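Structure in structure tokens, see below.
The values are calculated or read from the model by the stated rules, or taken from the named source; none is laboratory data. The structure presented is a predicted model; accordingly, all values stated were derived computationally and were not measured. Note that we place each Cβ from the backbone using ideal geometry, even for glycine, and neighbour counts take in every protein chain shown. Keep in mind that these areas ignore ligands, DNA and RNA; they rest on the heavy atoms of the full protein, side chains included. Shrake-Rupley method; radii C 1.70, N 1.55, O 1.52, S 1.80 Å.
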Amino acid sequence: MSRPAPRLFVLRHGETEWSLNGRHTGLSDIPLTENGVNLLIEKTPKVVGSGKLLDPVSLGHVFVSPRIRARKTFELLFSSLPELPPHSLSDEAREWDYGEYEGLTPAQIAAKRPGWSIWKDGCPGGESAEQMTQRVDSLIAKIHELHRQYYEDGVGLRDVMVVAHVRSFQLIQFFFGSLVGAPSSNRNETGL
């Protein structure tokens with residue numbers, strides 16, 4: 001039996017005070033701003049529901065970062081449904097542990113360490129690029145297995161979603177984008 005190709009949706013959490021002013025937010029549990037909440041409430045009816053992009057009848061599993069900003073984004077995204085879709089809090093989807101750079105802006109980090117690159121240098125007292133990549137690779141393996149089960153065995157549903165953060169999003173996008181040759185910046189017309 002031929003099945004539609006599995007899909008992966010990756011959504012970065014809504015606006016926070018620190019995302020507005022460019023501060024690195026890893027393990028700190030910063031809530032959404034009122035504007036972040038309102039934007040989600042305004043935008044989600046356009047994409048969530050029967051026959052829409054995020055149709056609950058196709059959504060097999062959602063991996064959600066344990067940070068409050070990601071959990072609240074997930075809850076608001078699906079608040080119009082009678083129940084939340086199948087999901088799990090996933091430490092693998094959490095943001096980079098910025099260690100000593102937590103809460104600092106890129107300019108503040110550059111003043112301390114000129115030429116610093118998170119992808120080459122990692123974060124003192126936090127995670128290296130290799131540690132972050134290994135953690136996200138573990139999540140990617142779970143996504144791949146859910147997609148394989150659906151496509152090859154007919155088990156589960158077509159769609160998987162991750163509600164996470166910018167760095168985990170970048171690694172997931174890099175991995176899956178390199179598989180399909182996707183451009184590095186895709187954004188749908190809803191602004192989500």
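Identify all residues within the stretch 7-26 that are closer than 18 Å to Ala93 by Cβ and either among the acidic types (Asp, Glu) or part of a loop (DSSP other than H, G, I, E, B) (or both); write none if there are none.
His13, Gly14, His24, Thr25, Gly26
Any chance you could count how many residues in the stretch 103-155 are among the aliphatic types (A, V, I, L, M), open to solvent by 30 Å² or more (accessible area, probe 1.4 Å) and more than 26 Å from Leu20 (Cβ to Cβ)?
The total comes to 3.
Here is a yes/no grid of residues against (1) part of a loop (DSSP other than H, G, I, E, B); (2) in contact with a helix residue (DSSP H, G or I) (Cβ under 9 Å, 6 or more places away or on another chain); (3) within 18 Å of Ala164 (Cβ to Cβ):
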residue: Ala5; (1), (2), (3): yes, yes, no
residue: Ser28; (1), (2), (3): yes, yes, yes
residue: Leu40; (1), (2), (3): no, yes, yes
residue: Pro45; (1), (2), (3): no, no, no
residue: Lys72; (1), (2), (3): no, yes, yes
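Looking at the structure I just gave you, is Ser80 touching a residue at least 24 places away in the same chain (Cβ under 8 Å), open to solvent by 30 Å² or more (accessible area, probe 1.4 Å) and not in a helix (DSSP H, G or I)?
Taking the combined requirement at face value, the residue satisfies it.
Can you tell me which condition Ser58 does not meet? The list is (1) over 30 Å from Tyr150 (Cβ atoms); (2) open to solvent by less than 50 Å² (accessible area, probe 1.4 Å), and all the others hold.
The number of the failed condition is (1).
Would you please list the contacts, defined by Cβ atoms under 7 Å and residues six or more apart or on different chains, that run from a residue in the stretch 27-43 that is farther than 23 Å from Glu127 by Cβ and exposed (fewer than 14 other Cβ atoms within 10 Å of the Cβ) to a residue that is at pLDDT 95 or above and of a type in the set (Gly, Ala, Ser)?
none
Can you work out which of the residues in the stretch 143-192 that are among the small types (Gly, Ala, Ser) and modelled with pLDDT of 50 or more is farthest from Ser128 (Cα to Cα)?
Gly154
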